[in-house]
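Following: one structure in structure tokens, then a few remarks.
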Ligand SMILES: Nc1ncnc2c1ncn2[C@@H]1O[C@H](COP(=O)(O)OP(=O)(O)OP(=O)(O)O)[C@@H](O)[C@H]1O
Ligand SMILES: [Mg+2]
């Protein structure tokens, strides 16, 4: 399968006064054209750092990319020049963040901000950029878009602001959208509308999406495939269908048991007993061992790799007992 993005052995460490935090520790995955890939895991598991690293948006130092490659259409995002990256960032790969206020400039009208990349990067005239921006705003569901473009971000509701940042991200028709918890800050109705919107545009434009979320319900509704992340590593990867049918890692299982409904919140996911390991601590063996109900002695000394299981495509687990056929 031709991959649009192919990430291999990504390691991002933070070199802090208290030691080295292994935020992302050997992550590999690919995204096909038009595919929506979910990245789930508890707070601190390394989801955002993974996405930010791909566009080199991390503070470095203290962050450092220790290893890895991320090939996007023949370019290694992690090692290309700044100039090459600027041609890709915001144009061919766009990002939507959790808090729309951080992405919007409070001193410029929303319309100016959506139109700006068209003027700057595509050399559109002011009028043409404005017209295309208005069309994009319409298509993300902003009612009376032509009028609302003259508003400033603070005049928009939270949901509308996030619609505007989605319009901003998609106006350049990128091939890949990195969406980091784009709906967590919003109420459930708006959340559902925005997800439906992302799915619609994704299909219309054959857009690839990396969707970062705490919410397994969101994954079930939107994603083709899922990566489950724990303590800086991917512990399970599967098609969404297969994952929900039969999780193949005790952590995924625990996540699912901690989710009573499709409207699960951050707090609910926290209810897995125990705490994720301290990223400053170098752990021997499986990082989930201390919280795992299936733990055996070998788990505490042998670090499990993410290996194919069940002989099926794209199904992989980093649990020794699953790999041995015991679970
Ligand atoms: N600038 C930084 N300096 C030091 N450590 C950092 C920095 N940014 C992130 N980290 C650490 O990297 C790890 C992964 O963080 P990350 O933000 O990727 O988690 P996450 O999975 O996105 O969590 P959340 O669901 O809460 O957004 C955490 O342990 C975090 O403390
Ligand atoms: Mg995050």
Q | Qualifying helices (runs of 4 or more DSSP H) (wholly inside the range 136-209; at least 3 residues being at pLDDT 90 or above and in contact with a strand residue (DSSP E or B) (Cβ under 8 Å, 6 or more places away or on another chain)) | A | 158-170
Q: Check residue 91 against each of (1) in contact with a strand residue (DSSP E or B) (Cβ under 9 Å, 6 or more places away or on another chain); (2) away from ligand 1 (no atom under 11 Å from the Cβ); (3) outside any helix (DSSP H, G or I) and name the one condition it does not meet.
A: (1)
Q. Going by the structure shown, is residue 114 in contact with a helix residue (DSSP H, G or I) (Cβ under 7 Å, 6 or more places away or on another chain), assigned to a helix (DSSP H, G or I) and outside the structural domain of residue 195 (by TED's automatic domain parsing)?
A. yes
(Q) Just to check your reading of the model, which residue among 67, 45, 28 is touching a residue at least 40 places away in the same chain (Cβ under 8 Å) and within 16 Å of ligand 2 (Cβ to nearest atom)? (A) 45
Q. If we keep just the residues of the range 57-71 that are away from ligand 1 (no atom under 14 Å from the Cβ) and farther than 23 Å from residue 313 by Cβ, which is surrounded by the most Cβ atoms within 10 Å (Cβ to Cβ)?
A. 68
Q | Every residue from the range 24-56 that is crowded, with 23+ Cβ neighbours inside 10 Å, within 10 Å of ligand 1 (Cβ to nearest atom) and not in a helix (DSSP H, G or I) | A | 24, 39, 40, 41, 45, 46
(Q) Looking at 172, 136, 160, can you tell me which residue is within 26 Å of the chain's Cα centre (by Cα) and without any contact (Cβ under 8 Å) to a residue 24 or more places away in the chain? (A) 160
Q: Give the residue that is modelled with the lowest pLDDT, with candidates limited to residues of the range 254-269 that are surrounded by 13 or more Cβ atoms within 10 Å (Cβ to Cβ) and in a loop (DSSP other than H, G, I, E, B).
A: 262
Q) Any residue at all in the range 87-96 that is surrounded by 16 or more Cβ atoms within 10 Å (Cβ to Cβ), under 25 Å from the mean Cα position of the chain (by Cα), touching a residue at least 60 places away in the same chain (Cβ under 8 Å) and farther than 20 Å from residue 198 by Cβ? A) no
Q.
For the range 81-95, check the following and say yes or no: at least one residue is within 16 Å of ligand 2 (Cβ to nearest atom) and under 20 Å from residue 218 (Cα atoms).
A. yes
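The values are calculated or read from the model by the stated rules, or taken from the named source; none is laboratory data. Predicted model only: the values in this text are computed from it and were never measured. For neighbour counting, all protein chains shown are included, and Cβ atoms are generated from backbone atoms with ideal geometry for every residue, glycine included.
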